[in-house]
Amino acid sequence: MSRLSVRSLSPLFVGLLTASLAACGGGAPEGAGAAGTADVAEAGSTPGQVARSARGVVAAAQPLAAQAGAAMLEQGGNAVDAAVAAAFALAVVEPTMSGLGGRAQILIRLPDGSHVGIDGTTQAPATYDPDTAPQAGYGYPTVGVPGVPAALLRALEEHGSLDRATVMAPAIALAEDGFDVLPNEAGRHAAAVDEIREFEGTSGVFLNAAGETRAPGERFVQPDLASTLRTIADGGHDAFYRGPIAEAMAADMAAHDGAVTLEALAAYEAERSEIVTGSYRGHDLVGLWVPSYGAITIEILQLLETLDMGALDEDDWALAVAEAIRVGYLDRPNQDSMDDAARLTSKAWAAERAPMMRVSAMVGASAAAPSGPGARLALAEDGHTTHLTAADGSGMVVALTQSLGPNMGSKVVTPGLGFLYAATLGGYLGRMEAGERARSHISPFMVERDGAPFLALGAAGGGRIPTAIVAVISRVIDRGMTLEDALRAPRIVPDFPSQTVGGDPDAATAVALEVGTGMGFMDDAVEALRAEGIEVDAVDRDGAFGRVHAVRWHADTGVWEGAADPDWEGAAVAPGGNR
């Protein structure tokens, strides 16, 4: 029997979000057009999580970070300035999800309509030996060469319009002056308290004077991180990878048998990412190739294009999306060369794989019995990553995902530097060879129509990142939902086996659904699924099915709309309020 998980969301801390925005110099964003906050609230919005402006918008996983990005737009900066400012701010206010020691993937749409990708993925040093290296879930053996600073600085240098000092000023101020910890961030600190206490540098940052993790609302001041950020603002890339910061990192790694060396840090550069493209019902799709999962995201959407998704009831839609994800994920191990990229994103491949979707009984497709090559990889139970999206009035758009891996990554902070390292080596992301960059499900993504922006988005949530992106895109295009409603509606992901196996793809039979606030889940759809022999279970975990932060361009009104995932503590902020 298939099994369906249905998850309802806990209430967000609306008052705290509004207070956080006010403390950063602005109130909660207003509603659409001339509508105020009250009008948005009447429509079911959480104040602060939807914003609209012709001048651009920033949607991010923490209100203070979204405000930092919008402040760049207010100062005349572009979308890259806004995204980089928000990303550096997230390293301060959401340090369990991302930071200077982590990895990043950036997709940029330039005002002329061209696209640029930047790869700032953590990397195994050239001297790394996977056969002799310690295996661990956290700690020094898991630390690889950080990529976030290189990626953010390259994006700013090549495509930004403001200087480093201006763009990094909000992050430095937040670290130096402190901020009140949001409840979910405090919960993640508490969840890792035992590991925090194992490391001197980590304890010094994340434990208060009483030796405990901070409670919700407690002030969090990070002087070491402020100093590190200021050094980067002054000296750029070399200040982190070749100067005193690099020397401190390398010395700490050497003292604890870590793999990262001064030579490995000096050799690291953010690289260009290959762009992958496809199409979906007259819309152009743009993503990034490995180590991003853009090709798989495109493949899943093009599998859905073989079905009449707009004609489906909610239960049929759910199963169709789940089956497209299941079949698309069979190709996750098959991403090696650009030839693979061309194949996985082709319509011919979607047509060849479409008969593997088990949807004939419910949606009238001509489906065959599942068969075909490929190993299945288990989805992580939780994904601890962050995504932000920014746009400006010129048509520049940025989708930026950064991650530490699991909650608080490696759990390691070098004393005096103030930031956590991602978990990369030692088996967390599978076997990694010397010099290899970590693959993950990160998938910053864009949808365009008639040469103009339409949607830009990405997600956090490990293996559920592409699935959340697909669900939102299909909701908007196939079901005509607003962006806000699409983020609040149920999301779908197959319940894959718990172990990596090869062979019969029919083994993955179950489906999991997430239920958004406000809209709830449609009772009729649940009953219809049960009638098909699918058991419905409740799953009570916040943010477990991907957290999407997105922007949408409304060509008819010339207005950008930003929306933050209602299953998280984020916000969407426009410069100077709505216009």
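Contour minus end-to-end for Arg242 and Thr132, with contour as 0.36 nm per residue of separation and end-to-end as the Cα-Cα distance?
Working: separation 110, 0.36 × 110 = 39.60 nm, distance 2.72 nm.
Separation in residues times 0.36 nm, less the Cα-Cα distance, equals 36.9 nm.
Could the peptides 78-85, 301-308 be put in order, highest first, of the mean number of other beta-carbon atoms found within 10 Å of their residues?
Details: 78-85: 31.1, 301-308: 22.9.
Those peptides, ordered most packed to least, come out 78-85, 301-308.
At most 16 other Cβ atoms within 10 Å and a DSSP loop assignment: could you name the GluC sites (Glu not before Pro) in the range 394-459 that fit? Display every interim value, and only then the final one.
Values: sites: Glu433, Glu436, Glu448; in loops: Glu433, Glu436.
Here the sparse-neighbourhood loop sites are Glu433.
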*Given q = 0.16, 0.23, 0.29 Å⁻¹, what are the Debye log10 I(q)/I(0) values for the range 229-282, with equal point scatterers placed on the Cα positions and solvent ignored?*
-0.57, -0.88, -1.07
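Using the alpha carbon gyration tensor of the range 187-297, what are the three equivalent-ellipsoid semi-axes (square root of 5 times each eigenvalue), largest first, in whole Å?
35, 24, 15
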_Relative packing of peptides 160-170, 330-340 - highest average C-beta neighbours within 10 Å first_ = 160-170, 330-340
*Which whole-Hz ³J(HN,Hα) couplings does the range 394-402 yield from phi under the Karplus relation 6.51 cos²θ - 1.76 cosθ + 1.60, θ = phi - 60°, glycine and proline marked x?*
8, x, 6, 9, 10, 10, 9, 10, 9
*asked:* Along the Cα→Cβ direction, 7 angstrom out, place labels at Asp450 and Glu352. What is the inter-label distance in nm?
replied: 3.6
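For each of Glu218, Glu323, count neighbouring Cβ atoms within 10 Å of the residue's Cβ, then give the residues from fewest to most. Could you put the intermediate results ahead of the total?
On the way: Glu218 14, Glu323 28.
Going from sparsest to densest Cβ surroundings: Glu218, Glu323.
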*Charge tally in the Cβ shell below 12 Å around Ala104, where Lys, Arg are +1 and Asp, Glu are -1, Ala104 excluded*: +1
*Please report, for the Cα atoms of the range 87-133, the Rg to one decimal and the Dmax as a whole number; what are they, in angstrom?*
15.5, 49
*Could you list Arg272, Arg214, Arg547, Arg154 in order of exposure, starting from the residue whose Cβ has the fewest other Cβ atoms within 10 Å?*
Arg272, Arg214, Arg154, Arg547
*asked:* Test of understanding: what is the full-extension gain from Asp336 to Ala210, defined as 0.36 nm times their sequence separation minus their Cα-Cα distance?
replied: 40.4 nm
_Using all alpha carbons of the range 234-334, what is the percent of pairwise distances in each 10 Å bin, ordered from the shortest bin to the longest?_
13, 27, 18, 16, 16, 9, 0
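How would His554, His237, His441 line up from fewest to most surrounding beta-carbon atoms within 10 angstrom? Provide the component values of the computation, followed by the final result.
Values: His554 14, His237 18, His441 29.
Lowest count first: His554, His237, His441.
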*Subtracting the Cα-Cα distance from 0.36 nm times the residue separation, let me have the gained length for Ala434 to Arg272 in nm, one decimal.*
56.3 nm
*Determine, at each q value in 0.12 (inverse angstroms), the log₁₀ of I(q)/I(0) that the Debye formula gives when each Cα of the range 105-233 is one equal point scatterer.*
-0.69
*Provide the FRET efficiency to the nearest 0.05 for the Asp177-Asp112 pair, computing r from the beta carbons and using R0 = 35 Å.*
0.35
*Could you check the simple spin-label distance between Glu198 and Ser394, using points 7 Å along Cα→Cβ, in nm with one decimal?*
4.7
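Quick one: which of 173-181, 89-97 comes out on top by average Cβ neighbours within 10 Å, and what's the full order, highest first?
Listed from highest to lowest mean packing, they are 89-97, 173-181.
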_If you average the alpha carbon positions of the range 256-294 and of the range 126-189, how far apart do those two centres end up, in angstrom?_
16
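Any read-out appearing in this document is the output of simple, stated calculations on the displayed coordinates, not a laboratory observation. No experiment lies behind these values; they were computed from the predicted model shown. Because the Cβ atoms are built from the backbone with ideal geometry, glycine has one as well, and the counts that use them run over all protein chains shown.
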